[in-house]
Structures are given as C-alpha cells and as structure tokens.
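> Here it is, the structure in full.
The values are calculated or read from the model by the stated rules, or taken from the named source; none is laboratory data. From a predicted model like this one, the values you see are computed outputs, not experimental measurements. Using ideal geometry, Cβ is built from the backbone for each residue, glycine included, and neighbour counts are taken over all protein chains shown.
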Amino acid sequence: MKILSRPARPSVAAGHPGVATEGYFSATRHPWACLLFLLPLLAIYEGGVFLLSGDSTMSLRNGADVWLRWGLERYGIVQEWVPPTVVLGILLLRAGGNWSSRPGDPFSTLFGMTLESVLYAVALWAVARNFEAFLQHWELPFAEIRIHTTAARQLITYIGAGIYEEVLFRLGLFSVLFFILRAVRIPAIAAFLLASGAAAVAFAAAHHLGPQGEEYVPIRFLFRVLAGLYFTVLYCLRGFGIAAGAHAGYDILVGLSVG
C-alpha cells in the first residue's frame, strides 16, 4: 500500500520539454495542480478578510489561521501577510520539487478538481444532515448536533478553513506522523491508521480550544473525527487540492443550509 507517494514521472510530451503527460487522477494529486487550484481560494479568503472585516481582521479569520498567527506572535511575528506567505511558500516548494512532472493540461485538470471537490463536499454534507438521525436510529447516547453559523460574510471564513485546516492537519500533522511511524518501521497500513486517527482527533479537538472554541458536544466531536478521517482519505487518494476544496465546499454548504 503506497500512501503519499510522489506522483509517477511519465514521459515528456513531444514539443513541450519538461511538461509531463499523465492521467487525470495522477495530475490532480500533483503539487503544481494543487497550487493552481488553491491560489484563487487563498486570494479570495485573504482579500475578503481585508475588505469585510473592518477594524478587526481576526473577526473573520478561520480557527486554524488564528492558531497559526498566535504561534507566530509568540516569536514576535505579527505581520498580516506572513501566514498566507507561509502557506504559499509550502505549496511553491512542493510544486518546485516536482516541476518536471507537472501536468501538461492544467485547465482540464483544474476543471475536474472543481467538480470533484463539489461532489465530495455534497457527499459529506448529506452525511452531516442525516448523522443525528442515524445515531438516534441505533439509540446511541449523543446530544443534538447544532452547527452554528452567522451571516453570509462568514463564507470567507469557510474558504479559509478549507485551506488552513488542511495545511495544518493533513499536509502537516498527518504527513509528519505518518513518515515518523514509517521511519521507525511501523507497517504502512498501521502507520496510516494511527496517523490518520491522531490527526482526526486533533482536528476535532481543536475546534473546542481557545477563546473562539465551541462548547463541547459529543455528537459534534464524533462527526468532526469522522470528517477528519474523510478528508485524510481524500488527501491520500485525490490529493491536497481536492481535500482542501472539498473541505471549503462542505463548510460553505453547511453555512448556506443553516446560516
């Protein structure tokens, strides 16, 4: 079982030195495609925060973005542009390291990634809509799942969640844990299960930490653990870009349906 393996390096297209020809499913996982896909979302999020937040940009920032900024403040880094630059730098480094195998038809790839992100977001949203009913059917002792949202301007926050939370918990925590476990010779399947479980629990728990944290509700926590596992599977099988796009799309669907 190969998890998080680098994209295969196919043959170079005739007439296009350095541009690889590869299948769609490999192309969507390529860091260059992920960068192109997420760059507009990052620009919309950061631009929206700047234009709509008024005197306090923190009022619209996503939780993972806030956590990153708090961590940087501990080292005296308070500039607004630093976190998005860090995220962009990570994406650029990943893309640069795989430049010779980048997809030869980025527009078709990005179109497909958009459709896939919407599909996976709708699938998770459908599960969320029926999650409480499923638990009640089996008479499991969980309280009602209440998803709190605010006005339409919070859609900017939801876009940020798709990027920053996936950077932190999938691209960061899950990947680091997985490679550490593999480095100490834990079998790949066991390493995947341990790393994905730990990252999913951390993802769920993080929503209840800090001054902006939500009240702990068992059913909400359980659903977020399952959602974290869902995004990890998307990250491993379909790539970082689609995982982040599906995450943002799901949050937007939730906001539109109950906001």
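> With the structure loaded, tell me whether Leu110 is part of a helix (DSSP H, G or I), closer than 21 Å to Gly172 by Cβ and out of contact with any strand residue (DSSP E or B) (no Cβ under 7 Å at 6 or more places or on another chain) or whether it fails that test. Walk me through it before giving the result.
Values: part of a helix (DSSP H, G or I): yes; closer than 21 Å to Gly172 by Cβ: no; out of contact with any strand residue (DSSP E or B) (no Cβ under 7 Å at 6 or more places or on another chain): yes.
So Leu110 does not fit the description; no.
> Confirm whether Ala248 is among the hydrophobic types (A, V, I, L, M, F, W, C) and over 13 Å from Tyr120 (Cα atoms). Even if it seems obvious, please write down each step before you answer.
Numbers: among the hydrophobic types (A, V, I, L, M, F, W, C): yes; over 13 Å from Tyr120 (Cα atoms): no.
Taking the combined requirement at face value, the residue does not satisfy it.
> Tell me whether the stretch 211-227 contains one or more residues that are assigned to a helix (DSSP H, G or I), free of Cβ contacts under 8 Å to residues at least 60 places away in the same chain, closer than 18 Å to Leu171 by Cβ and out of contact with any helix residue (DSSP H, G or I) (no Cβ under 6 Å at 6 or more places or on another chain).
There is no residue in the stretch 211-227 that is assigned to a helix (DSSP H, G or I), free of Cβ contacts under 8 Å to residues at least 60 places away in the same chain, closer than 18 Å to Leu171 by Cβ and out of contact with any helix residue (DSSP H, G or I) (no Cβ under 6 Å at 6 or more places or on another chain).
> Now for a different question. Which one of these is at pLDDT below 95, crowded, with 21+ Cβ neighbours inside 10 Å, over 22 Å from Leu68 (Cβ atoms) and out of contact with any Pro (no Cβ under 9 Å at 6 or more places or on another chain): Phe223, Phe203? Step through it out loud before you land on a result.
Numbers: Phe203 fails: over 22 Å from Leu68 (Cβ atoms).
Answer to the selection: Phe223.
> OK, next. I need a count of the residues in the stretch 96-112 that are under 23 Å from Leu253 (Cα atoms) and either of a type in the set (Asp, Glu) or exposed (fewer than 14 other Cβ atoms within 10 Å of the Cβ) (or both).
Looking only at the stretch 96-112, we keep the residues that are under 23 Å from Leu253 (Cα atoms), and these are 110-112.
Still in the running and either of a type in the set (Asp, Glu) or exposed (fewer than 14 other Cβ atoms within 10 Å of the Cβ) (or both): 111.
Looking only at that region, the number is 1.
> For the stretch 1-98, which helices (runs of 4 or more DSSP H) that fit wholly inside it have 3 or more residues that are at pLDDT 90 or above? Reasoning before the result, please.
Numbers: elements: 24-27, 31-52, 63-73, 82-97.
Passing ranges, in order: 24-27, 31-52, 82-97.
> Among the listed residues Leu115, Leu119, Leu93, Leu88, which satisfies the condition of being farther than 24 Å from Ala227 by Cβ and either loosely packed, with under 14 Cβ neighbours inside 10 Å or more than 16 Å from the chain's Cα centre (by Cα) (or both)?
Working: Leu115 fails: farther than 24 Å from Ala227 by Cβ; Leu119 fails: farther than 24 Å from Ala227 by Cβ; Leu88 fails: either loosely packed, with under 14 Cβ neighbours inside 10 Å or more than 16 Å from the chain's Cα centre (by Cα) (or both).
Result of the check over Leu115, Leu119, Leu93, Leu88: Leu93.
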